[in-house]
Each structure stands twice: as C-alpha cells, then as structure tokens.
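The values are calculated or read from the model by the stated rules, or taken from the named source; none is laboratory data. As the structure is a computational prediction, the values presented were derived from the model and not from experiment. Glycine also receives a Cβ, built like all others from the backbone with ideal geometry; neighbour counts cover every protein chain displayed. Just so you know, the surface numbers come from the protein's heavy atoms only, side chains and all, with ligands and any DNA or RNA stripped out. Shrake-Rupley method; radii C 1.70, N 1.55, O 1.52, S 1.80 Å.
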Amino acid sequence: GATEKIAEKDLSLSKLKAGWAYVVPGMLPLSLVQGLIRRFEDSGTKTAINPSGFYVKMGAKKLKFLLRSTQVVILNREEGANLTGVSYDNIKGIFRRFDGFVSGLAILTDGLNGAWVSDGKYVYHAGVFKEKKIIDRTGAGDAFGSGFVAGMIEKNDVNYALRFAAANATSVVEQIGAQAGILTKKDFKNKRWHYLDLDVEPL
C-alpha cells in the first residue's frame, strides 16, 4: 500500500536514466505514471508496464497513452478479458483487441497454463517449468515480468525471454518472499532451464 502515498516530489526523476524501465504502478496516480512514461520516452528509455487491477478498472480509454507508449504490456488473462471486454475463454479474441491498444508486445499470463505473447502478427505460448516444491507464490508475477524484460534486453528474442520469465517465476515460488530465488544470468544456464514447451501461431 506504500505506493498510494508516493508523490512526484518523492522521485528523483532527473536521475532515472536507463536503457529499460519496468513499471508496476500499483495504486500510483495515473498522472504520475504518465509523467514517468513521458520522461522515459523523451530520454530514449524503453518501458515495460504491468498495470494493476486498479489501473485495468480505469478502462482502455484512460490507459491509452500508457498502452501506446510502452514496449511491453503485461496483464494476467482475467485482466486482459476485463480490459478488452472479450470472453476469458477467447484467448485470440482478447489478443486481437489487446493488440489494438498497444504498440509493442502484449502479454497475458495464466498461472499453470503458462503465458502468451503477441507481437500483432503471431501469438507465442510457453508452458511452465515443473516446480520442485511450491513454497510461496508471492512475487511470481513480478518475477515473470522482470524475467521477460531481462530476456528481451539480453537477446531481443521472444522465445528466449519467455523461457527466462518462466524459469524466474518458478524459481521464486520455490522460495519464501518476492525476491528470494530470482535468477542471475549464470543461474539460468543450469540445464534445468534449458527446455520449455513453446509454440507459435499466426494471430
């Protein structure tokens, strides 16, 4: 709940310089997040955003700038259905609408069913890695999102990024808390993470 109390004066915006930024707005004011995205855009920073349920409830019209100005947009499947107004069961229908809102990659996560990524032409689907033992699901979504962005930074390849994201999420749920288990590049080379079911279909 701390994000509700953050104001622009609390942020050192002039120091925010990076190749990529991963934005998880929680309940931050929309105007503040739009200002951040504009600053990133102006400085050439690529942005991934994982809008919260609070943001999804605002509707696609209010989120138009955020969705158009970021390179990666991550939602869970239920949020994707709510944002687009398309049935939860119609994954391709959700993406056809979702893709109309975003200018970059549209991602839907779906727990044990894995995740889908659309680039507007193709839909990529990845399964999940089998957990050794589920300890705590806290942070699984953030681990997936940050893993995907890390994979795109490293190789700019959706299949590689999906595998990295799935591995990172699995590793985190095997530990307690949101940060324990986060993979390094060296960790990801472990043979455990070498193979994941992936497929690609035209949208």
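As an exercise, use a Förster radius of 30 Å and the Cβ-Cβ distance of S43 and K133 to find the FRET efficiency, rounded to the nearest 0.05.
My answer for the efficiency is 0.10.
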Exercise. Evaluate 2.2 N^0.38 Å with N set to the residue count of the chain, then give the Cα radius of gyration divided by it.
Key: 1.00
Practice problem: Could you tell me which of T45, S31, A143 has its Cα farthest along the dipole of the chain towards the positive end, charges placed at Cβ (Lys, Arg +1; Asp, Glu -1), taken about the Cα centre? | Solution: T45
Quiz item: How much of the accessible area of the chain, in percent, comes from carbon and sulfur atoms when a 1.4 Å probe is used?
Solution: 51
Quiz item: Which Cα, out of F95, P202, L67, lies furthest along the positive dipole direction of the chain (beta carbon charges, K/R +1, D/E -1)?
Solution: L67
Self-check item: Heavy-atom accessible area per residue - the range 105-203, 1.4 Å, Å²
Solution: 52
Practice problem: Please state the charge dipole magnitude for the chain, taken about the Cα centre, from unit charges on C-beta atoms (+1 on K and R, -1 on D and E), reported in debye and rounded to the nearest 20. | Solution: 360
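Helix-only estimate, please: 222 nm mean residue ellipticity of the chain, summing -39500 (n - 2.57) across DSSP H runs of length 4 or more and dividing by its residues, to the nearest 500.
Roughly -11500 deg cm²/dmol at 222 nm, from the helical runs in the chain.
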Practice problem: Might you report the magnitude of the Cβ-based charge dipole of the range 37-85 about its Cα centre, with Lys and Arg at +1 and Asp and Glu at -1, to the nearest 20 debye? | Solution: 160
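Could you list the chymotrypsin sites (Phe, Trp or Tyr not before Pro) in the range 21-111 that lie in coil according to DSSP, counting only those with at most 16 other Cβ atoms within 10 Å of their Cβ? The partial results should precede the final answer.
Numbers: sites: Y22, F40, F54, Y55, F65, Y88, F95, F98, F101; in loops: Y88.
Answer in residue order: Y88.
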Practice problem: May I ask you to give the average projected area over all directions of the convex hull of the Cα atoms of the range 99-180, in nm² rounded to one decimal? | Solution: 5.3
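Over all distinct Cα pairs, what is the inverse of the mean 1/r for the range 19-115, reported as the Kirkwood hydrodynamic radius in Å?
Evaluated on the range 19-115, it is 13.4 Å.
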Quiz item: In debye to the nearest 20, how big a dipole does the range 1-85 give about its Cα centre with +1 on each Lys and Arg Cβ and -1 on each Asp and Glu Cβ?
Solution: 180
Practice problem: Take the Cα of L32, step 7 Å along the line toward its Cβ, and report every residue of the range 56-72 whose backbone nitrogen sits under 11 Å from that point. | Solution: none
Quiz prompt | Peptide ranges 161-170, 191-200 listed from the most packed, as the mean C-beta count within 10 angstrom indicates | solution = 161-170, 191-200
Quiz item: Cα to Cα, under 19 Å, and not fewer than 8 places away if on the same chain: which aspartates and glutamates meet these conditions relative to K17?
Solution: E8, E41, D42, E154
